[in-house]
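Notes to accompany the following structure.
The values are calculated or read from the model by the stated rules, or taken from the named source; none is laboratory data. All of these numbers come straight from a predicted model, not from anything done at the bench. Please note: Cβ atoms are built from the backbone with ideal geometry, for glycine as well, and neighbour counts cover all protein chains shown. Just the protein is used for accessible areas: all its heavy atoms, side chains included, with ligands, DNA and RNA removed. Shrake-Rupley method; radii C 1.70, N 1.55, O 1.52, S 1.80 Å.
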Amino acid sequence: MTTALDRPEVALRTPRSRVATAAALSAPLILFLLVPNVVTLFTLSAVGRLGEVQLAGMGVANAIFGMLLALLYGFDTGVQAIAARATGAGAPEVARQALLDGLAGSVLCAAGLTALLWFQGPALIALLSPDPATVASGGALLRGLALSLLLLGATMTINSYWIGTGAAQIPFLVQVALVPVQIGATFALVLGLWGAPQLGTFGAGLASSLACACGLMLQIVIARRRGVPLLGRPQLRGVIAIVRIGWPVSVQQSLALFGFTLAYAIVARLGVSATAMLNVLGSLTMVPIQAATGIGNAAATLVGQALGRGDTRDAARWGWQLSFAAALLFLPAGLFAVLRPQLLLGAFLHDPNAIAAAVLPVQILGAGVAIDPFARVLNFALRGAGATRPATAIPFVIQWLIQLPLMWVVGIRLGMGMTGVVAVQVGLTLFEAMAFAFVWRREGWARVHFAGLDDAEQAAQTRAAPQRVLVMGGAGAGKSTLARDIGAKLGLPVIHLDRIMFGPNWTRVAPEAAREQLRREIEGGYWVIDGTYPAFYDITLRDADLVVWIGQPVPKRLWRAWRKTRIHKNAPRADRPDGCEEGFGLSSVWTVLRFGRLSSAREWQLRSAANGRVVHLRGDRAVRQFLETLPSN
């Protein structure tokens, strides 16, 4: 069955359809990101049976593995951004070439990292832990994970293609299918169950690599069934384009994980209780972080597809709407943490003193729990637009130049402990959200262009159905008739400005009341407006993606202006205010004579203020041809 996600060029015309589209894309991504947490818990359970040394080695090894894996994030960011933009532009061949280019770059990079883990895994562990037993167990785990790094390099790139093209359910279903494989293999190889050799932490890494191999094979099967080639000739310029988009993400994410490790080192100076509290707080925030990341990936795809269609306004709306939706989603959880912190902490801590010490930090964290999802979604929206430099520069500067030094000063030097550390984190998250909102509002991200997509995007703009149309022209030009025809063909509501500007007996409505009425009328976001009122330009032209000016000869407009006063005499008309009758006299003639031509100055004014195209239709034949080019609803 074909859905709107399979046909991204289909316009989304109602708020309900936007909610359904966002939910259909976000839900599998959220679940996709939460499933690995379940696997991690089972892995911890298996390795924990071997002893504390193995758990310590696993913790250090996972930190190193995460930092190296983050170096590959840039490839999937670049592929997703290009695939989404190409899908919106109706250029699937460009999306598929981006997949081939991304695979070439990610596999090559992952091969080098795999060799590093295999040959230098224990040496990397020794940089973070002086304990020989921890180094041995952690190094064994890294060797077992080495092959998974290579496999994940390919798998993440393929996943980013599915997400960018709107098929987010595929990565989720593959992930779910692998859960029993990895859990079963982990217990078998770590503990030597069911006749398997007991390999300890190396077995945990090997089980992960086995699951990744199965996942990649599933991806290959699905890609072949869908006609998506995974083998082909990559283009060097395509690989370079992906690297240019993604390298800031790779570097920033890897350094972010390293900074997180340093944050643990800072908190460790406050004592064991503070470290345990940080682990609890990290666990509490993991769910909103993962969910916001899923929504953010959906935002990246929807923003990219909107830009591919040439609809900057829709791209901006997706960024704002999904960021606020993510914030509102976790606002109740934040309120619960503020009002009932003891109940929340009781699930993790059992010492009354530890719970009492953690109450205020949890309340501060709860007060700001909605801020991080807002900032995170806007971050991903910028990535989807290809604007990865501001998306990564802002968190890098905040983490390394402000957060880590402040955590040390406030938490340790000033003696404010975990309360101070959490306050710094929440305050800087708010600052980060404000910075992303400022960047998103300026819309500089809309000017990012991808090589090979210019022609496809121009074609998409030509064939895309307009969603906000302003019909203008002089009296008698046929504005109302054309507006109704456009509305009927595109399935859009029609708004006649005369009915907003005037009351019975042609009495003028107060300007602010008229503006407020117009704002309510266009609140749905999809409309056809009939009328030429400069007083409303700041509302109508700003949002219009198509402005139509009808130019007719003066004699024809005079004839039509006189005729409609006779045809519709004493009869209601859709474009005329109730309780009003039209006459035809010298003032009407003067109005027709002095206004109706689209001068060069006025056309420049419209094109400067309008968000979309400006079309000048000269005569009835041009009007008919224009209507024929519009797609039917």
Long-range Cα-Cα pairs in the stretch 27-186 (distance over 30 Å), rounded percent: 23 percent
Of all accessible heavy-atom area on the stretch 186-266, the percent that carbon and sulfur account for (1.4 Å): 69 percent
Relative contact order [Cα under 8 Å, 6+ residues apart], the stretch 86-221, whole percent: 27 percent
Gyration tensor verdict on the stretch 91-193 (Cα atoms; rounded if a/c is under 1.5, prolate if a/b is larger than b/c, oblate otherwise): oblate
By accessible area with a 1.4 Å probe, ligands and nucleic acids excluded, highest first: order of D498, D538, D311: D538, D498, D311
Rounded to 10°, Cα long-axis angle of helix 454-463 versus longest principal axis of the chain: 50 degrees
Theoretical FRET efficiency, 1/(1+(r/R0)^6), r = Cβ-Cβ of W400 and R340, R0 45 Å, to 0.05: 0.80
Calculated [θ] (222 nm, deg cm²/dmol) that DSSP helices of n ≥ 4 give over the chain, each run adding -39,500 (n - 2.57): -24000 deg cm²/dmol
Heavy atoms of T429: accessible area, 1.4 Å probe, square angstrom to 10: 30 Å²
Extreme residue, positive dipole direction of the chain, given options A213, G164, G415 (C-beta unit charges): G164
Long-range HN-HN contacts of V615 with modeled amide H, under 5 Å: V547, V548, W549
The stretch 402-542 - percent of accessible surface contributed by carbon and sulfur, probe 1.4 Å: 56 percent
Per-residue ³J(HN,Hα) for the stretch 442-450, Karplus 6.51 cos²θ - 1.76 cosθ + 1.60, θ = phi - 60°, Hz, x for Gly and Pro: 6, 6, x, 4, 6, 9, 6, 10, 10
Label-point separation, L231 to L116 (7 Å along Cα→Cβ), nm: 3.0 nm
Per-selection Rg to Rh, the stretch 296-430 - Cα, Kirkwood hydrodynamic radius: 1.09
For the chain, with +1 on Lys and Arg beta carbons and -1 on Asp and Glu, the positive-most of Q517, G78, G304 along the dipole: Q517
Where the Cα pairs of the chain fall when distances are cut into 20 Å bins, in %: 17, 43, 26, 12, 2, 0
Sulfur and carbon atoms: percent of accessible area, the stretch 95-174 [1.4 Å]: 76 percent
³J(HN,Hα), Karplus 6.51/-1.76/1.60, whole Hz, each residue of the stretch 296-312, x for Gly, Pro: x, 4, 5, 4, 4, 5, 5, 5, x, 5, 5, 5, x, 7, x, 9, 5
DSSP beta bridges in the chain [antiparallel fraction, %, rounded to 5]: 10 percent
Dipole magnitude (debye, nearest 20) for the stretch 385-532, charges at Cβ of Lys, Arg, Asp, Glu: 160 debye
Cα-centre dipole for the chain with unit charges at Cβ (Lys and Arg positive, Asp and Glu negative), debye to 20: 2320 debye
Cα point-scatterer Debye curve for the stretch 134-261, base-10 log of I(q)/I(0) at q = 0.22 Å⁻¹: -1.27
Residues whose placed amide H lies under 5 Å from that of I495, excluding near-sequence neighbours: V528, I529, D530
Heavy-atom accessible area per residue - the chain, 1.4 Å, Å²: 46 Å²
Debye log10 I(q)/I(0) at q = 0.12, 0.15, 0.27 Å⁻¹ for the stretch 39-121, Cα point scatterers: -0.55, -0.71, -1.17
Crossing angle, helix 554-567 versus the chain [Cα axis fit, 0-90 degrees, rounded to tens]: 80 degrees
Anisotropy class of the stretch 479-560 from Cα gyration tensor, a/c 1.5 cut: oblate
Solvent exposure, largest accessible area first (probe 1.4 Å, DNA, RNA and ligands not counted), of W247, W408, W194: W194, W247, W408
Karplus (6.51, -1.76, 1.60) ³J(HN,Hα), θ = phi - 60°, over the stretch 539-546, in Hz, Gly and Pro reported as x: 9, 7, 5, 4, 9, 5, 9, 8
Net dipole in debye of the stretch 456-550 [+1 Lys, Arg Cβ; -1 Asp, Glu Cβ; about Cα centre; nearest 20]: 180 debye
